[in-house]
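Worksheet: one structure, shown below.
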Amino acid sequence: MKEITVKGYTAKELQDKARLKVLSDYSQINVTDDWYQERVDEFKTRMEGYGIQCEVYFSGFYSQGDGACLVSDTIDTEVLVRRLFEEGKHIPEDCLLYSGDLTLRVEKVHAAWASRYDHEQTVAAVVYNDSETLVGDHDMNALESLVTGWVREQCSQLYRDLEKDYERLTDDEAVLDRLVEDECYFTANGTIIPA
């Protein structure tokens, strides 16, 4: 067997053309299978503070239809209505008084296009009256509209946060730092040298 010595360079030591090749080849090195989990868990915990137990879906990034959404069949309507009222949202008086008799859900919109996408416009709140309490349709529709708008704002913010996290992980400097940290060496043309 013949032994060949090859000069190795860290990703940061490579010339521009070779560095660009390495950045292209390893752009996803920091994006693990669960890179988003901490952000999603934080979001779910925050939603629990509003009485919402939810599932989160998202797709991304940079394609039409990308975004984030939540769905929930388990909402403590009293907690959600009280929190939104405390934040200055206009809650119809009967909805505020009888929130314990209302069931709220956040569902995916059943439009044909919605099944392929997970973004804030694919969800809507639905309110059900669980008793003989006289909460008028107008008030229930107003509550549905208010909660739908609020949920969509939350989903939009979650997506922006996920996008920032993804951009931070795939940033050129972050990729180069990881390759140096992992002690990866490359030939002058940007081909990795096996360890």
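The values are calculated or read from the model by the stated rules, or taken from the named source; none is laboratory data. Since the model is a prediction, treat every value here as computed from it, not as a measurement. Because the Cβ atoms are built from the backbone with ideal geometry, glycine has one as well, and the counts that use them run over all protein chains shown.
One residue alone among Arg82, Arg116, Arg168, Arg178 is in contact with a Gly (Cβ under 9 Å, 6 or more places away or on another chain) and modelled with pLDDT of 95 or more, and that residue is Arg82. Selection of the range 69-106 for residues being charged (D, E, K, R), assigned to a helix (DSSP H, G or I) and farther than 15 Å from Tyr128 by Cα yields Arg82, Arg83, Glu86, Glu93. Phe85 passes every criterion in (1) over 25 Å from Arg160 (Cβ atoms); (2) touching a strand residue (DSSP E or B) at 6+ places or on another chain (Cβ under 8 Å); (3) among the aromatic types (Phe, Trp, Tyr) apart from (2).
One residue alone among Ser59, Ser63 is farther than 30 Å from Val79 by Cβ and either among the hydroxyl-bearing types (Ser, Thr, Tyr) or surrounded by 13 or more Cβ atoms within 10 Å (Cβ to Cβ) (or both), and that residue is Ser63.
Looking across the range 135-148, the residues that are surrounded by 14 or more Cβ atoms within 10 Å (Cβ to Cβ) and within 23 Å of the chain's Cα centre (by Cα) come down to Glu144, Leu146, Val147, Thr148.
Once the range 43-68 is narrowed to residues that are at pLDDT below 95, outside any strand (DSSP E or B) and of a type in the set (Phe, Trp, Tyr), the residue that is nearest to the chain's Cα centre (by Cα) is Phe61.
Cβ-Cβ distances below 8 Å connect the following pairs, each with a first residue in the range 42-57 that is within 9 Å of Leu70 (Cα to Cα), a second residue that is assigned to a strand (DSSP E or B) and among the hydroxyl-bearing types (Ser, Thr, Tyr), and a separation of six or more residues or different chains: Cys54/Ser72; Cys54/Thr74; Glu55/Ser72.
Here Tyr98 passes the criteria (1) closer than 27 Å to Tyr159 by Cα; (2) surrounded by 16 or more Cβ atoms within 10 Å (Cβ to Cβ) except the one numbered (1). For Val40, the test of being part of a helix (DSSP H, G or I) and over 24 Å from Gly136 (Cα atoms) is passed. Does the range 129-148 contain at least one residue that is at pLDDT 90 or above and closer than 28 Å to Gln37 by Cα? Checked the range 129-148: at least one residue is at pLDDT 90 or above and closer than 28 Å to Gln37 by Cα.
Being crowded, with 16+ Cβ neighbours inside 10 Å and within 19 Å of Leu158 (Cβ to Cβ) is the filter here; which residues of the range 69-82 pass it? Selection gives Cys69, Leu70, Val71, Ser72, Ile75, Leu80.
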